Amino acid sequence: MSTLPISYEDVAAAHERIRGVAHRTPVLTSRTANALVGADLFFKCENFQRMGAFKFRGAYNSIAQFTPQQKQGGVITFSSGNHAQAIALSAQLLGVKAVIVMPKDAPAVKVEATRGYGGEVVFYDRYTEDREALGQRLADERGLTLIPPYDHPHVMAGQGTAAKELFEDAGGLDVLLTPLGGGGLLSGSATVAHALAPGCTVLGVEPEAGNDGQRSFQSGEIVHIDTPKTIADGAQTQHLGNYTFAVIRERVQEIVTVSDAELVETMKFFASRMKLVVEPTGCLAAAAVLQRKLDVRGKRVGIVISGGNVDLLRFADLVSAKD
Ligand SMILES: *Cc1c(COP(=O)(O)O)cnc(C)c1O
């Protein structure tokens with residue numbers, strides 16, 4: 001018997017819970033991309049998900065399972081990124097109050113987006129305060145339930161629904177790649193692959209500058225690093241979670257890394273060839289294949305594009321910079 005924190009049944013149950021609320025995002029193909037690498041690539045476009053990233057899946061799956069008391073009390077999380085917006089939107093849809101702990105210097109657009117979904121933003125100083133401790137203290141004081149960005153079985157199971165749809169829509173896959181930050185997406189996806197396609201090779205892709213996941217995978221223990229400098233802001237995590245790592249070490253075959261320059265090349269490819277706006281973090285898995293870090297010739301390859309939330313001016317800067 002498996003003692004892992006989530007099973008395929010948990011992902012299937014999550015899929016029922018989010019049905020009709022989350023978008024079933026399209027799976028796109030590109031002859032140009034296929035010709036470039038000599039494989040059949042299937043891109044799962046979570047840049048088209050509600051609030052712009054797969055994180056809606058895990059957030060909604062978590063809050064939807066609150067007890068009546070928890071719903072009454074509200075939800076809290078610490079994040080300045082896509083998870084914040086995912087929690088705020090999911091809470092709004094479920095009629096639950098949301099408190100989001102964000103750094104004082106978080107980009108104004110992110111603060112506004114979170115407030116736009118009805119979330120209450122509480123600021124902290126990222127240089128002097130510990131956001132996890134603050135989140136936990138507020139949770140205790142105000143009777144809120146804390147939903148962290150990745151290390152929670154309900155979050156992980158929700159994220160896995162993207163891979164479930166990819167397998168259902170693309171058919172058999174030899175290889176599945178997802179971006180890797182704290183491991184919610186990868187652990188959920190690997191759980192699905194193990195159940196639906198046991199022969200499928202599952203790979204996580206993280207930024208070269210923040211290869212804690214790769215080092216953890218190789219050493220068998222969770223490696224902690226300083227916040228890495230990378231344009232992939234959704235993967236600037238300092239360590240994997242206990243739950244996510246337990247799944248990743250059992251169900252994932254390899255962790256590979258890509259550079260920021262390779263992410264930019266991939267953003268350009270998506271914009272010019274496929275007319276897709278993808279945020280840097282959303283390009284991680286695709287970059288490993290399109291920039292030929294891996295040999296996938298002759299294979300059927302599933303690639304999760306995890307999100308599209310990038311400020312338009314920043315997007316323009318990144319794709320027009322000369323290297
Ligand atoms: C959060 C995020 C990731 C990383 O997901 P984890 O579950 O933390 O590994 C990747 N891409 C985008 C767009 C994200 O928002």
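Values computed for the structure shown
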item	result
At 1.002 mPa s and 20 °C, Stokes diffusion of region 72-176 via Kirkwood alpha-carbon radius, µm² per second	145
Rounded to whole Å, sorted largest first: equivalent-ellipsoid semi-axes of region 4-147, Cα gyration tensor	31, 20, 14
Semi-axis lengths, Å, region 220-280, gyration tensor of Cα atoms, sqrt of 5 times eigenvalues	28, 15, 10
Per-selection Kirkwood Rh - region 271-323 (Cα, Å, 1 d.p.)	12.4
Charge dipole of region 236-292 about the Cα centre (unit charges at C-beta), most positive-ward option of SER272, ALA246, SER259	SER272
Rounded to 10°, Cα long-axis angle of helix 260-274 versus longest principal axis of the chain	80
Whole-Å semi-axes of the chain's equivalent ellipsoid (Cα gyration tensor)	29, 22, 19
Cα radius of gyration and Dmax for region 56-107 (Å)	10.8, 35
Helix axis angle, 82-93 relative to the chain longest principal axis, alpha carbon, degrees	60
Hypothetical label at GLU120: residues of region 57-81 whose amide nitrogen lies under 15 Å (7 Å Cα-Cβ projection)	71-78
Gaussian network model of the chain, Cα within-10 Å springs - most flexible of GLY241, GLY199, GLY135	GLY199
Of all DSSP beta bridges in the chain, antiparallel share, percent nearest 5	10
Convex hull per residue volume in Å³, alpha carbons only, for region 126-264	123
Nearest-ten-degree value, helix 8-18 long axis tilted from longest Cα axis of the chain	70
GNM top mover of SER272, SER216, SER80 - the chain, alpha-carbon springs below 10 Å	SER272
Estimated D of region 172-234 in µm² per second, where Rh is the Kirkwood radius over Cα pairs and Stokes-Einstein applies at 37 °C, 0.692 mPa s	260
Span from the region 1-50 Cα centroid across to the region 152-226 one, whole angstrom	11
Charge-dipole axis of region 32-190 as Lys and Arg at +1 and Asp and Glu at -1 on Cβ define it, positive-most pick from THR145, GLN49, GLY74	GLY74
Isotropic mean projected area of the C-alpha convex hull, region 117-189 (nm²)	7.0
Two-decimal log10 I(q)/I(0) for region 161-205, as the Debye equation yields it once each C-alpha is a single scatterer, q = 0.26, 0.31 Å⁻¹	-0.89, -1.22
For region 221-323, radius of gyration divided by Kirkwood radius, i.e. Rg to Rh on alpha-carbons	0.99
Relative contact order (%) - the chain, alpha-carbon pairs under 8 angstrom, separation at least six	22
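None of the figures in this text is laboratory data; all of them are computed from the coordinates on show. Nothing here was measured: the structure is a model prediction, and the numbers come from that model. Glycine gets a Cβ as well: all are built from the backbone with ideal geometry, and neighbour counts include every protein chain shown.
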